[in-house]
Amino acid sequence: MANLSQIAKKAGCSISTVSRVLNYDPTLSVTDKTKQKIFRIADDMNYSLPKNRAKSGQNLAIVQWYTEEQELKDEYYLSIRIGVEEAAKKYGYTIERYFKNDLLDPIKDAVGVIAIGRYSQGEINDIIQKNSSIVFVGQDTLSNNLTCVVTDMITPVERVLNFFLDNGLERIGIVTGNGRTNDNHEKIYDERLKTFRDFMRSKKLYTPKNVFLGNISPQSGYQLISEALESRNLEDFPNALFVSSDTMAVGVLRALSENHVKVPEDVNIISFNDSANAKFTLPALSSIRVHTKQMGARGVLALRELIENKVEYAPEKVVIGTRLIFRESSFSPKEKD
């Protein structure tokens, strides 16, 4: 009987594409012609589709970089985990969850591992020593020859900045934060900050004082903007802000309100994540929607492909796109100056 690798070679597609087509993955974007070609080749080579469910007793381990309490306060990682669990249950896996500070020795008996979050090189090495059938969700690990699912962090930032410029807003700032891995061995750099700096420099509009760096929290967003407004006139303050998380944006909005700065008339704000609370802030936040549940589900599918084709499997980096949702905190696409 043919395997996925043989079908992929004959179809001129990747193993990942063939697997997703044959498993009727609704998130896959390929032409009907390609799908028909793959199904025809699979039929000609007498390929039998695997049953949709895992073998009885197969455990899938979910490793979280947060404690359970921390995760409950962070909708981004919580939603990814829910996406993983829903997809895993669909395929018949039983689930074992491991949070920060949990002993990871039991994951060696799991059929595979989904690691959610941001890990240092030492932490990555520790996990893969226990189980090498692993997919990371939320961190680019392709340089480690490990499959990963990540959010597009470049295109949405450039889109927001171009939107601001198209509306005549050139004093653009960014509110963001860099963190550290749980073992405190490595810094976590925000890729969006680099994109912001590169873009603004290319337009000769970069101003270092318009970069506001703090912790990812409402308190930090509030403090950063409050302190800036105490020392600067509104004419010298950004008339547009990209905020790297809705969490920080809540504090930014409060600081602007207390200083009688109107949003979006004085300052346009577009945030990132589009969490459940974004539509309930005053004013409601324009925000970049991250498809976190899809990230989790795609991680499970990638893990299934790895398990099934481990000998011939090539690590891959799956990048999930985003969507910009306009609400009251920014001009709408039709409101150009």
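What the table shows:
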| read-out | value |
| --- | --- |
| Residue list for the stretch 177-199, filter: among the polar types (S, T, N, Q) and either assigned to a loop (DSSP other than H, G, I, E, B) or at pLDDT below 95 (or both) | Asn178, Thr181, Asn182, Asn184 |
| Single match in Leu205, Leu169, Leu161, Leu165 (criterion: of a type in the set (A, V, I, L, M), open to solvent by less than 10 Å² (accessible area, probe 1.4 Å), modelled with pLDDT of 95 or more and more than 26 Å from Ile82 (Cα to Cα)) | Leu161 |
| Search result, residues across the stretch 204-238 that are of a type in the set (S, T, N, Q) and in contact with a strand residue (DSSP E or B) (Cβ under 7 Å, 6 or more places away or on another chain) | Asn210 |
| Selection within the stretch 208-224 - open to solvent by less than 30 Å² (accessible area, probe 1.4 Å), outside any helix (DSSP H, G or I) and over 19 Å from Glu170 (Cβ atoms) | Gly214, Ser217 |
| Qualifying positions in the stretch 73-107 - charged (D, E, K, R), out of contact with any strand residue (DSSP E or B) (no Cβ under 9 Å at 6 or more places or on another chain) and at pLDDT 90 or above | Glu86, Asp105 |
| Some residue of the stretch 72-88 being in contact with a Phe, Trp or Tyr (Cβ under 7 Å, 6 or more places away or on another chain) and open to solvent by less than 50 Å² (accessible area, probe 1.4 Å) | yes |
| Index of the failed condition, Lys262 passing every other in (1) part of a helix (DSSP H, G or I); (2) farther than 21 Å from Leu161 by Cβ; (3) not aromatic (Phe, Trp, Tyr) | (1) |
| Qualifying residue in the stretch 284-303 (condition: closer than 30 Å to Tyr222 by Cα, assigned to a loop (DSSP other than H, G, I, E, B), modelled with pLDDT of 95 or more and open to solvent by less than 40 Å² (accessible area, probe 1.4 Å)) | yes |
| Search result, residues across the stretch 246-276 that are touching a Ser or Thr at 6+ places or on another chain (Cβ under 9 Å), among the hydroxyl-bearing types (Ser, Thr, Tyr) and open to solvent by 10 Å² or more (accessible area, probe 1.4 Å) | Thr247, Ser275 |
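Yes or no, residue by residue, for (1) at pLDDT 95 or above; (2) under 14 Å from Gly177 (Cβ atoms); (3) within 27 Å of the chain's Cα centre (by Cα):
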position	(1), (2), (3)
Tyr222	yes, yes, yes
Glu227	yes, no, no
Ala240	yes, no, yes
Ser245	no, yes, yes
Gly251	yes, yes, yes
Leu256	yes, no, no
Val261	yes, no, no
Val267	yes, no, yes
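The values are calculated or read from the model by the stated rules, or taken from the named source; none is laboratory data. Because the structure is predicted, anything quoted here is derived from the model rather than measured. All Cβ positions, glycine included, derive from the backbone under ideal geometry; neighbour counts span all protein chains shown. Just so you know, the surface numbers come from the protein's heavy atoms only, side chains and all, with ligands and any DNA or RNA stripped out. Shrake-Rupley method; radii C 1.70, N 1.55, O 1.52, S 1.80 Å.
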